Amino acid sequence: MSTTAMPQRAAYQRTNTVDSAPSTVYNSPNDSPTASASSTSLSSMGSVEEFQQLKSKPLVDTYGNEFVLPDYTIKDIRDAIPKHCFERSGLRGLGYVARDFASLATTFFLFNKFCTPEYIPSYPLRVAGWALYTVLQGMFGTGVWILAHECGHQAFSPSKTLNDTVGWVLHSFLLVPYFSWKISHSKHHKATGNMERDMVFVPKTRDDRAKASSWSTHDMHELLEEAPIYTAGFLIGQQLFGWPMYLLKNVTGHNNHSKQKEGKGEGKTNGDNYVNHFLPASPLYEKKDEHLILLSDLGLLLMGAALYFVGSTYGFKSLAVWYLIPYLWVNHWLVAITYLQHTDPSLPHYSGATWTFARGAAATIDREFGFIGRTLMHGIVETHVLHHYISTIPFYHADEATEAIKPVMGRHYRSDTKNGSIGFLQSLYKSARWCQWVEPNEGAEGEGKDVHFFRNRNGNGVAPARNPVKSQ
(Lines give C-alpha, C1' and ligand atoms only; values in the text may rest on other atoms or scores of the structure.)
Protein backbone atom coordinates (compact mmCIF):
# COMPACT_ATOMS: atom_id res chain seq x y z
CA MET A 1 0.00 0.00 0.00
CA SER A 2 1.39 3.37 -0.97
CA THR A 3 2.15 5.72 1.88
CA THR A 4 0.76 8.59 -0.17
CA ALA A 5 -2.61 6.90 -0.69
CA MET A 6 -3.67 6.88 2.93
CA PRO A 7 -6.33 9.36 4.13
CA GLN A 8 -5.07 12.41 5.95
CA ARG A 9 -5.41 12.29 9.71
CA ALA A 10 -7.35 14.81 11.74
CA ALA A 11 -5.51 18.08 12.10
CA TYR A 12 -4.60 17.54 15.74
CA GLN A 13 -5.28 14.60 18.01
CA ARG A 14 -4.96 14.35 21.78
CA THR A 15 -3.09 17.62 22.29
CA ASN A 16 -4.38 21.14 21.98
CA THR A 17 -2.74 24.29 20.76
CA VAL A 18 -2.88 27.50 22.76
CA ASP A 19 -5.53 28.82 20.39
CA SER A 20 -7.72 25.73 20.77
CA ALA A 21 -7.31 24.89 24.43
CA PRO A 22 -9.93 22.73 26.14
CA SER A 23 -12.71 24.46 28.02
CA THR A 24 -11.09 23.65 31.38
CA VAL A 25 -7.37 24.26 31.36
CA TYR A 26 -5.30 24.79 34.47
CA ASN A 27 -2.32 27.12 34.22
CA SER A 28 -0.80 25.18 37.09
CA PRO A 29 -1.98 22.35 39.34
CA ASN A 30 -2.60 24.97 42.04
CA ASP A 31 -5.28 26.56 39.85
CA SER A 32 -7.42 23.40 39.90
CA PRO A 33 -10.90 23.92 41.37
CA THR A 34 -10.96 23.17 45.08
CA ALA A 35 -14.04 21.61 46.60
CA SER A 36 -15.59 23.22 49.67
CA ALA A 37 -15.03 21.77 53.11
CA SER A 38 -18.61 20.53 53.30
CA SER A 39 -18.42 18.73 50.00
CA THR A 40 -15.22 16.92 50.92
CA SER A 41 -16.14 15.91 54.46
CA LEU A 42 -16.42 12.21 55.13
CA SER A 43 -20.01 12.67 56.28
CA SER A 44 -21.04 13.86 52.81
CA MET A 45 -18.94 11.38 50.80
CA GLY A 46 -20.23 8.06 49.53
CA SER A 47 -16.94 6.29 50.32
CA VAL A 48 -13.35 6.78 51.38
CA GLU A 49 -12.30 6.05 47.75
CA GLU A 50 -14.34 8.98 46.49
CA PHE A 51 -12.76 11.21 49.10
CA GLN A 52 -9.27 10.21 48.03
CA GLN A 53 -10.22 10.76 44.40
CA LEU A 54 -11.27 14.34 45.05
CA LYS A 55 -8.34 14.97 47.35
CA SER A 56 -5.67 14.05 44.79
CA LYS A 57 -4.90 16.45 41.98
CA PRO A 58 -4.98 15.16 38.40
CA LEU A 59 -1.76 15.04 36.45
CA VAL A 60 -1.65 17.61 33.67
CA ASP A 61 0.65 17.92 30.66
CA THR A 62 2.27 21.17 29.57
CA TYR A 63 -0.90 22.31 27.80
CA GLY A 64 -2.89 21.82 31.01
CA ASN A 65 -4.73 18.76 29.70
CA GLU A 66 -5.39 16.00 32.21
CA PHE A 67 -3.02 13.06 31.84
CA VAL A 68 -3.95 9.49 32.71
CA LEU A 69 -1.40 6.68 32.73
CA PRO A 70 -1.87 4.19 29.85
CA ASP A 71 -3.18 0.81 31.02
CA TYR A 72 -3.30 -1.31 27.84
CA THR A 73 -0.71 -3.96 27.02
CA ILE A 74 1.60 -4.70 24.12
CA LYS A 75 -0.55 -7.76 23.40
CA ASP A 76 -3.56 -5.47 22.97
CA ILE A 77 -1.58 -3.46 20.42
CA ARG A 78 -0.25 -6.47 18.53
CA ASP A 79 -3.61 -8.21 18.37
CA ALA A 80 -5.25 -5.14 16.80
CA ILE A 81 -2.89 -5.09 13.79
CA PRO A 82 -3.81 -7.08 10.64
CA LYS A 83 -1.43 -10.00 10.16
CA HIS A 84 -0.35 -8.95 6.67
CA CYS A 85 1.11 -5.73 8.13
CA PHE A 86 3.91 -7.85 9.63
CA GLU A 87 4.95 -9.21 6.23
CA ARG A 88 8.33 -7.99 4.91
CA SER A 89 9.62 -8.19 1.35
CA GLY A 90 13.33 -7.98 0.60
CA LEU A 91 12.56 -7.44 -3.08
CA ARG A 92 10.27 -4.54 -2.31
CA GLY A 93 12.85 -3.08 0.08
CA LEU A 94 15.58 -3.30 -2.57
CA GLY A 95 13.21 -1.59 -4.99
CA TYR A 96 13.03 1.41 -2.66
CA VAL A 97 16.83 1.41 -2.37
CA ALA A 98 17.07 1.48 -6.18
CA ARG A 99 14.54 4.31 -6.34
CA ASP A 100 16.40 6.47 -3.85
CA PHE A 101 19.79 5.94 -5.46
CA ALA A 102 18.27 6.60 -8.89
CA SER A 103 17.01 9.92 -7.49
CA LEU A 104 20.48 10.75 -6.18
CA ALA A 105 22.19 9.79 -9.44
CA THR A 106 19.68 11.59 -11.67
CA THR A 107 19.95 14.79 -9.65
CA PHE A 108 23.75 14.58 -9.72
CA PHE A 109 23.77 14.09 -13.50
CA LEU A 110 21.27 16.85 -14.31
CA PHE A 111 22.96 19.52 -12.22
CA ASN A 112 26.46 18.67 -13.42
CA LYS A 113 25.20 18.68 -17.01
CA PHE A 114 23.04 21.80 -17.00
CA CYS A 115 23.98 23.94 -13.98
CA THR A 116 27.10 25.20 -15.81
CA PRO A 117 28.24 28.50 -17.37
CA GLU A 118 27.27 27.14 -20.77
CA TYR A 119 23.60 26.82 -19.81
CA ILE A 120 23.40 29.32 -16.93
CA PRO A 121 25.78 32.29 -17.53
CA SER A 122 24.70 34.09 -14.35
CA TYR A 123 26.94 33.15 -11.43
CA PRO A 124 24.33 34.02 -8.74
CA LEU A 125 21.80 31.80 -10.51
CA ARG A 126 24.29 28.93 -10.66
CA VAL A 127 24.96 29.34 -6.94
CA ALA A 128 21.22 29.23 -6.30
CA GLY A 129 20.96 26.15 -8.52
CA TRP A 130 23.67 24.30 -6.64
CA ALA A 131 22.12 25.32 -3.34
CA LEU A 132 18.91 23.66 -4.55
CA TYR A 133 20.97 20.61 -5.48
CA THR A 134 22.23 20.25 -1.90
CA VAL A 135 18.68 20.50 -0.51
CA LEU A 136 17.34 17.84 -2.90
CA GLN A 137 20.24 15.48 -2.31
CA GLY A 138 19.80 15.96 1.42
CA MET A 139 16.20 14.79 1.16
CA PHE A 140 17.04 11.81 -1.04
CA GLY A 141 19.94 10.97 1.26
CA THR A 142 17.60 11.04 4.25
CA GLY A 143 15.44 8.50 2.43
CA VAL A 144 18.50 6.25 2.13
CA TRP A 145 19.22 6.77 5.84
CA ILE A 146 15.70 5.65 6.73
CA LEU A 147 15.97 2.50 4.61
CA ALA A 148 19.12 1.61 6.58
CA HIS A 149 17.07 2.33 9.71
CA GLU A 150 14.55 -0.25 8.46
CA CYS A 151 17.43 -2.71 8.09
CA GLY A 152 18.57 -2.07 11.65
CA HIS A 153 15.11 -3.00 12.93
CA GLN A 154 14.93 -6.10 10.68
CA ALA A 155 11.89 -4.52 8.98
CA PHE A 156 13.59 -4.44 5.58
CA SER A 157 13.28 -8.17 4.84
CA PRO A 158 12.90 -11.54 6.61
CA SER A 159 16.66 -12.15 6.15
CA LYS A 160 18.94 -10.84 8.90
CA THR A 161 21.94 -11.28 6.60
CA LEU A 162 20.36 -9.17 3.86
CA ASN A 163 19.18 -6.59 6.37
CA ASP A 164 22.57 -6.10 7.99
CA THR A 165 24.47 -6.18 4.70
CA VAL A 166 22.25 -3.56 3.08
CA GLY A 167 22.12 -1.50 6.28
CA TRP A 168 25.92 -1.52 6.66
CA VAL A 169 26.43 -0.41 3.05
CA LEU A 170 23.78 2.33 3.14
CA HIS A 171 24.79 3.76 6.48
CA SER A 172 28.50 3.62 5.67
CA PHE A 173 27.68 5.60 2.51
CA LEU A 174 26.25 8.27 4.84
CA LEU A 175 29.15 8.07 7.33
CA VAL A 176 27.00 6.38 9.95
CA PRO A 177 28.51 3.53 12.04
CA TYR A 178 25.75 1.03 11.25
CA PHE A 179 26.12 -1.64 13.91
CA SER A 180 27.15 0.87 16.58
CA TRP A 181 24.03 2.90 15.87
CA LYS A 182 21.86 -0.23 15.54
CA ILE A 183 22.80 -1.45 19.02
CA SER A 184 22.33 1.87 20.81
CA HIS A 185 19.13 2.53 18.87
CA SER A 186 17.75 -0.83 19.94
CA LYS A 187 18.36 0.17 23.56
CA HIS A 188 16.51 3.43 22.86
CA HIS A 189 13.48 1.44 21.74
CA LYS A 190 13.66 -0.77 24.82
CA ALA A 191 13.66 2.26 27.13
CA THR A 192 11.78 5.03 25.33
CA GLY A 193 10.66 7.75 27.71
CA ASN A 194 12.74 6.32 30.58
CA MET A 195 14.71 9.09 32.26
CA GLU A 196 17.40 6.70 33.50
CA ARG A 197 17.89 4.41 30.48
CA ASP A 198 16.76 6.05 27.25
CA MET A 199 19.51 6.55 24.67
CA VAL A 200 18.46 9.68 22.80
CA PHE A 201 16.79 13.04 23.53
CA VAL A 202 16.57 12.39 27.25
CA PRO A 203 15.30 15.79 28.44
CA LYS A 204 17.04 17.78 31.13
CA THR A 205 15.51 17.65 34.57
CA ARG A 206 14.77 20.81 36.51
CA ASP A 207 18.02 20.34 38.45
CA ASP A 208 20.04 19.68 35.27
CA ARG A 209 18.70 22.82 33.64
CA ALA A 210 19.40 24.91 36.72
CA LYS A 211 22.98 23.66 37.06
CA ALA A 212 23.72 24.18 33.36
CA SER A 213 22.51 27.80 33.57
CA SER A 214 23.63 28.65 37.12
CA TRP A 215 20.05 29.17 38.27
CA SER A 216 18.49 28.37 41.60
CA THR A 217 16.27 25.31 41.30
CA HIS A 218 13.67 26.85 43.59
CA ASP A 219 13.48 30.15 41.69
CA MET A 220 12.91 28.78 38.19
CA HIS A 221 9.23 29.69 38.24
CA GLU A 222 10.33 33.36 38.45
CA LEU A 223 12.75 33.38 35.51
CA LEU A 224 12.27 35.96 32.79
CA GLU A 225 11.36 34.92 29.25
CA GLU A 226 14.18 33.66 27.08
CA ALA A 227 15.08 35.88 24.10
CA PRO A 228 13.86 34.40 20.77
CA ILE A 229 17.37 34.89 19.36
CA TYR A 230 18.65 32.49 22.03
CA THR A 231 16.08 29.90 20.98
CA ALA A 232 17.12 30.35 17.36
CA GLY A 233 20.78 29.92 18.30
CA PHE A 234 19.94 26.73 20.23
CA LEU A 235 18.15 25.30 17.19
CA ILE A 236 20.96 26.17 14.77
CA GLY A 237 23.49 24.49 17.04
CA GLN A 238 21.29 21.45 17.50
CA GLN A 239 20.58 21.03 13.80
CA LEU A 240 24.22 21.49 12.72
CA PHE A 241 26.05 19.61 15.46
CA GLY A 242 23.45 17.47 17.23
CA TRP A 243 24.07 14.28 15.26
CA PRO A 244 27.91 14.28 15.27
CA MET A 245 27.92 15.25 18.96
CA TYR A 246 25.59 12.35 19.71
CA LEU A 247 27.94 9.94 17.96
CA LEU A 248 31.09 11.44 19.49
CA LYS A 249 29.93 12.43 22.99
CA ASN A 250 26.55 10.71 23.52
CA VAL A 251 24.91 14.13 23.86
CA THR A 252 21.19 13.75 24.78
CA GLY A 253 21.72 10.10 25.79
CA HIS A 254 21.46 8.89 29.38
CA ASN A 255 24.46 9.42 31.64
CA ASN A 256 24.11 6.44 33.98
CA HIS A 257 27.08 4.50 32.64
CA SER A 258 28.19 3.27 36.04
CA LYS A 259 25.24 0.85 35.84
CA GLN A 260 26.68 -0.90 32.76
CA LYS A 261 26.50 -4.55 33.81
CA GLU A 262 30.04 -5.43 32.71
CA GLY A 263 31.65 -2.54 34.53
CA LYS A 264 32.69 -0.73 31.32
CA GLY A 265 31.09 2.51 32.48
CA GLU A 266 32.87 3.03 35.78
CA GLY A 267 34.12 6.62 35.97
CA LYS A 268 32.86 7.44 32.45
CA THR A 269 30.42 10.21 31.61
CA ASN A 270 28.92 11.81 28.52
CA GLY A 271 31.31 14.30 27.01
CA ASP A 272 34.53 12.48 27.77
CA ASN A 273 36.52 10.60 25.15
CA TYR A 274 35.21 7.16 26.08
CA VAL A 275 31.42 7.33 25.73
CA ASN A 276 30.90 7.30 21.97
CA HIS A 277 29.79 5.19 19.02
CA PHE A 278 33.27 4.37 17.70
CA LEU A 279 35.24 2.68 20.48
CA PRO A 280 34.61 -1.01 21.25
CA ALA A 281 35.39 -0.19 24.90
CA SER A 282 32.53 2.35 25.06
CA PRO A 283 30.04 1.64 27.89
CA LEU A 284 27.27 1.90 25.31
CA TYR A 285 28.12 -1.66 24.22
CA GLU A 286 28.61 -5.10 25.69
CA LYS A 287 31.80 -7.06 25.09
CA LYS A 288 30.00 -9.54 22.81
CA ASP A 289 29.32 -6.70 20.35
CA GLU A 290 32.79 -5.18 20.21
CA HIS A 291 33.66 -6.81 16.87
CA LEU A 292 30.57 -5.18 15.34
CA ILE A 293 31.79 -1.77 16.45
CA LEU A 294 35.03 -2.42 14.57
CA LEU A 295 33.08 -3.50 11.50
CA SER A 296 31.14 -0.24 11.68
CA ASP A 297 34.40 1.69 11.88
CA LEU A 298 35.70 -0.19 8.84
CA GLY A 299 32.71 1.01 6.83
CA LEU A 300 33.50 4.60 7.80
CA LEU A 301 37.16 4.21 6.85
CA LEU A 302 36.27 2.82 3.43
CA MET A 303 33.80 5.63 2.75
CA GLY A 304 36.30 8.19 4.03
CA ALA A 305 38.91 6.82 1.61
CA ALA A 306 36.42 7.03 -1.26
CA LEU A 307 35.60 10.64 -0.40
CA TYR A 308 39.28 11.54 -0.20
CA PHE A 309 39.80 10.03 -3.65
CA VAL A 310 36.93 12.10 -5.07
CA GLY A 311 38.27 15.26 -3.46
CA SER A 312 41.81 14.63 -4.69
CA THR A 313 40.59 13.89 -8.20
CA TYR A 314 37.88 16.49 -8.73
CA GLY A 315 38.72 19.08 -6.08
CA PHE A 316 37.55 19.41 -2.50
CA LYS A 317 35.28 22.30 -3.42
CA SER A 318 33.38 19.96 -5.70
CA LEU A 319 33.34 17.33 -2.95
CA ALA A 320 31.85 19.86 -0.54
CA VAL A 321 29.02 20.69 -2.93
CA TRP A 322 28.45 17.15 -4.17
CA TYR A 323 28.53 15.37 -0.81
CA LEU A 324 29.46 17.32 2.32
CA ILE A 325 26.71 19.97 2.27
CA PRO A 326 24.02 17.38 1.37
CA TYR A 327 25.44 15.32 4.24
CA LEU A 328 24.76 18.24 6.59
CA TRP A 329 21.20 18.41 5.28
CA VAL A 330 20.77 14.71 6.03
CA ASN A 331 22.00 15.33 9.57
CA HIS A 332 19.59 18.24 9.89
CA TRP A 333 16.57 16.18 8.88
CA LEU A 334 17.62 13.27 11.06
CA VAL A 335 17.90 15.47 14.17
CA ALA A 336 14.70 17.41 13.37
CA ILE A 337 12.69 14.23 12.87
CA THR A 338 13.99 12.51 16.01
CA TYR A 339 13.68 15.64 18.16
CA LEU A 340 10.07 16.22 17.14
CA GLN A 341 9.14 12.56 17.58
CA HIS A 342 10.10 12.75 21.25
CA THR A 343 9.67 16.41 22.20
CA ASP A 344 6.20 17.94 22.48
CA PRO A 345 4.25 19.72 25.25
CA SER A 346 1.83 16.78 25.43
CA LEU A 347 4.45 14.08 26.06
CA PRO A 348 5.33 12.54 29.44
CA HIS A 349 8.60 11.00 30.57
CA TYR A 350 8.97 8.47 33.35
CA SER A 351 11.38 7.55 36.12
CA GLY A 352 11.48 4.68 38.57
CA ALA A 353 8.96 1.86 38.52
CA THR A 354 6.26 3.99 36.87
CA TRP A 355 7.87 3.38 33.48
CA THR A 356 6.71 0.39 31.44
CA PHE A 357 7.41 -0.44 27.81
CA ALA A 358 3.80 0.26 26.81
CA ARG A 359 3.81 3.63 28.56
CA GLY A 360 7.19 4.63 27.13
CA ALA A 361 6.23 3.73 23.58
CA ALA A 362 3.18 6.00 23.90
CA ALA A 363 5.47 8.90 24.86
CA THR A 364 5.99 9.70 21.18
CA ILE A 365 4.03 11.70 18.63
CA ASP A 366 3.21 11.47 14.93
CA ARG A 367 3.44 14.54 12.73
CA GLU A 368 2.80 15.39 9.08
CA PHE A 369 5.41 16.34 6.50
CA GLY A 370 3.39 15.86 3.33
CA PHE A 371 5.02 14.46 0.19
CA ILE A 372 8.50 14.90 1.66
CA GLY A 373 7.70 12.87 4.76
CA ARG A 374 5.42 10.25 3.29
CA THR A 375 7.32 9.57 0.05
CA LEU A 376 10.89 10.83 0.14
CA MET A 377 11.37 9.94 3.83
CA HIS A 378 9.27 6.77 3.79
CA GLY A 379 6.66 7.85 6.34
CA ILE A 380 9.03 8.04 9.30
CA VAL A 381 7.49 11.33 10.44
CA GLU A 382 3.88 10.19 10.17
CA THR A 383 3.94 6.71 11.78
CA HIS A 384 6.46 6.85 14.60
CA VAL A 385 4.08 5.88 17.40
CA LEU A 386 3.35 2.54 15.74
CA HIS A 387 7.07 2.08 15.07
CA HIS A 388 7.84 2.28 18.78
CA TYR A 389 5.41 -0.49 19.57
CA ILE A 390 6.41 -2.89 16.80
CA SER A 391 9.53 -1.79 14.96
CA THR A 392 9.67 -4.81 12.63
CA ILE A 393 6.61 -3.65 10.66
CA PRO A 394 7.90 -2.24 7.34
CA PHE A 395 7.14 1.39 6.59
CA TYR A 396 4.85 0.54 3.66
CA HIS A 397 2.41 -1.14 6.09
CA ALA A 398 2.80 1.44 8.86
CA ASP A 399 -0.15 3.67 7.92
CA GLU A 400 -2.60 0.79 8.02
CA ALA A 401 -1.14 -0.53 11.27
CA THR A 402 -1.31 2.94 12.81
CA GLU A 403 -5.02 3.20 12.06
CA ALA A 404 -5.51 -0.23 13.63
CA ILE A 405 -3.92 0.67 16.98
CA LYS A 406 -5.64 4.03 17.43
CA PRO A 407 -8.80 2.51 19.02
CA VAL A 408 -6.62 0.60 21.49
CA MET A 409 -4.53 3.62 22.44
CA GLY A 410 -7.49 5.99 22.58
CA ARG A 411 -6.52 9.30 24.17
CA HIS A 412 -2.91 8.14 24.43
CA TYR A 413 -2.35 8.28 20.67
CA ARG A 414 -0.85 11.68 19.85
CA SER A 415 -0.66 13.29 16.45
CA ASP A 416 0.04 16.90 15.54
CA THR A 417 -0.74 17.41 11.86
CA LYS A 418 -1.89 21.02 12.01
CA ASN A 419 -0.70 23.04 8.99
CA GLY A 420 0.91 19.98 7.40
CA SER A 421 4.51 20.39 6.27
CA ILE A 422 4.70 24.01 7.42
CA GLY A 423 3.39 22.97 10.81
CA PHE A 424 6.12 20.33 11.06
CA LEU A 425 8.80 22.98 10.53
CA GLN A 426 7.08 25.40 12.91
CA SER A 427 7.08 22.71 15.57
CA LEU A 428 10.87 22.94 15.80
CA TYR A 429 10.66 26.46 17.19
CA LYS A 430 7.56 25.79 19.26
CA SER A 431 9.08 22.72 20.94
CA ALA A 432 12.29 24.60 21.68
CA ARG A 433 10.25 27.35 23.41
CA TRP A 434 7.84 25.09 25.28
CA CYS A 435 10.00 22.06 26.15
CA GLN A 436 13.09 23.17 28.08
CA TRP A 437 13.16 20.71 30.98
CA VAL A 438 10.90 18.18 32.67
CA GLU A 439 9.60 17.92 36.22
CA PRO A 440 6.75 16.15 38.05
CA ASN A 441 3.48 17.98 38.63
CA GLU A 442 3.43 20.07 41.76
CA GLY A 443 1.72 18.12 44.54
CA ALA A 444 1.95 14.82 42.62
CA GLU A 445 1.60 11.68 44.73
CA GLY A 446 2.28 7.97 44.27
CA GLU A 447 3.12 7.02 40.71
CA GLY A 448 2.53 10.60 39.70
CA LYS A 449 5.80 11.64 41.33
CA ASP A 450 7.64 9.69 38.64
CA VAL A 451 5.75 11.17 35.68
CA HIS A 452 7.60 14.18 34.28
CA PHE A 453 6.23 16.85 31.95
CA PHE A 454 7.93 19.61 30.01
CA ARG A 455 8.17 23.09 31.48
CA ASN A 456 9.76 26.33 30.29
CA ARG A 457 10.76 29.83 31.35
CA ASN A 458 8.81 31.50 28.54
CA GLY A 459 5.34 31.61 30.09
CA ASN A 460 3.98 28.90 27.80
CA GLY A 461 1.51 26.41 29.26
CA VAL A 462 1.65 25.15 32.84
CA ALA A 463 4.08 27.17 34.94
CA PRO A 464 7.08 25.55 36.63
CA ALA A 465 6.31 24.31 40.13
CA ARG A 466 6.96 26.67 43.04
CA ASN A 467 7.62 23.70 45.31
CA PRO A 468 9.32 21.04 43.15
CA VAL A 469 8.42 17.39 43.79
CA LYS A 470 11.27 14.92 44.08
CA SER A 471 10.93 11.71 42.07
CA GLN A 472 10.64 8.51 44.03
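The values are calculated or read from the model by the stated rules, or taken from the named source; none is laboratory data. All of these numbers come straight from a predicted model, not from anything done at the bench. Don't worry about glycine lacking a Cβ; one is built from the backbone with ideal geometry, like all the others, and counts go over all protein chains shown. Heads up: the accessible areas ignore ligands, DNA and RNA and are worked out on the full protein's heavy atoms, side chains in. Shrake-Rupley method; radii C 1.70, N 1.55, O 1.52, S 1.80 Å.
Read through the list (1) hydrophobic (A, V, I, L, M, F, W, C); (2) without any contact (Cβ under 8 Å) to a residue 40 or more places away in the chain; (3) more than 18 Å from Ser391 (Cα to Cα); (4) in a helix (DSSP H, G or I), then give the number of the only condition that Ile120 fails.
(4)
Residue by residue through the stretch 137-181, note down the ones that are more than 20 Å from Gly379 (Cα to Cα) and not in a helix (DSSP H, G or I). It would help to see each step written out before you state the result.
Of the residues in the stretch 137-181, the ones more than 20 Å from Gly379 (Cα to Cα) are 158-162, 164-165, 168-169, 172-173, 175-181.
Pro158, Ser159, Leu175, Val176, Pro177, listed by residue number.
Being open to solvent by 70 Å² or more (accessible area, probe 1.4 Å), out of contact with any Ser or Thr (no Cβ under 7 Å at 6 or more places or on another chain) and among the charged types (D, E, K, R): is that true of Lys268 here? Write out each step before concluding.
Numbers: open to solvent by 70 Å² or more (accessible area, probe 1.4 Å): no; out of contact with any Ser or Thr (no Cβ under 7 Å at 6 or more places or on another chain): yes; among the charged types (D, E, K, R): yes.
No; evaluated as a whole, the condition is false for this residue.
Just give me the residues in the stretch 190-209 being open to solvent by 20 Å² or more (accessible area, probe 1.4 Å), modelled with pLDDT of 95 or more and outside any loop (DSSP other than H, G, I, E, B), in sequence order.
If the condition is that a residue be open to solvent by 20 Å² or more (accessible area, probe 1.4 Å), modelled with pLDDT of 95 or more and outside any loop (DSSP other than H, G, I, E, B), then Lys190 is the only one that fits.
Residues are listed down the side, and each one gets a yes or a no for (1) free of Cβ contacts under 8 Å to residues at least 60 places away in the same chain; (2) exposed (fewer than 13 other Cβ atoms within 10 Å of the Cβ); (3) over 17 Å from Pro244 (Cβ atoms):
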residue	(1), (2), (3)
Lys264	yes, no, yes
Val275	yes, no, no
Leu279	yes, no, no
Glu286	yes, yes, yes
Leu292	no, no, yes
Asp297	no, no, no
Ala305	yes, yes, yes
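Consider Lys57 against the criteria (1) touching a Gly at 6+ places or on another chain (Cβ under 7 Å); (2) basic (Lys, Arg); (3) modelled with pLDDT under 50: it satisfies all of them except one. Which criterion is unmet?
(3)
When both residues are 6+ apart or on different chains and their Cβ atoms are under 9 Å apart, which pairs have a first residue that lies in the stretch 323-349 and is in contact (Cβ under 8 Å) with a residue 40 or more places away in the chain, and a second that is in a helix (DSSP H, G or I) and among the basic types (Lys, Arg)?
Asp344/Lys430; Pro345/Lys430; Pro348/Arg359
Quick one: which of Gly443, Gly410, Gly461, Gly420 is more than 27 Å from Phe156 (Cβ to Cβ) and over 23 Å from the mean Cα position of the chain (by Cα)?
Testing whether each residue is more than 27 Å from Phe156 (Cβ to Cβ) and over 23 Å from the mean Cα position of the chain (by Cα) leaves just Gly443.
State the number of residues belonging to the stretch 81-99 that are open to solvent by less than 70 Å² (accessible area, probe 1.4 Å), assigned to a helix (DSSP H, G or I) and over 12 Å from Ala404 (Cβ atoms). I'd like the intermediate steps shown before the answer.
So the first thing to find is which residues in the stretch 81-99 are open to solvent by less than 70 Å² (accessible area, probe 1.4 Å), and the list is 81-82, 85-86, 89-90, 93, 95-98.
Those left that are additionally assigned to a helix (DSSP H, G or I): 85-86, 90, 93, 95-98.
Still in the list and also over 12 Å from Ala404 (Cβ atoms): 90, 93, 95-98.
Adding up the residues that qualify gives 6.
Among the helices (runs of 4 or more DSSP H) confined wholly to the stretch 367-442, which include 2 or more residues that are among the hydroxyl-bearing types (Ser, Thr, Tyr) and within 18 Å of Phe454 (Cα to Cα)?
Numbers: elements: 384-389, 398-409, 420-434.
It comes to 420-434.
Could you figure out which of (1) surrounded by 19 or more Cβ atoms within 10 Å (Cβ to Cβ); (2) more than 29 Å from Arg374 (Cα to Cα) isn't true of Phe424?
Just one mismatch for Phe424, condition (2).
Taking Thr134 as the residue in question, decide whether it is farther than 21 Å from Trp333 by Cβ, modelled with pLDDT of 95 or more and part of a helix (DSSP H, G or I). Reasoning before the result, please.
Values: farther than 21 Å from Trp333 by Cβ: no; modelled with pLDDT of 95 or more: yes; part of a helix (DSSP H, G or I): yes.
For Thr134, the condition - farther than 21 Å from Trp333 by Cβ, modelled with pLDDT of 95 or more and part of a helix (DSSP H, G or I) - is not met.
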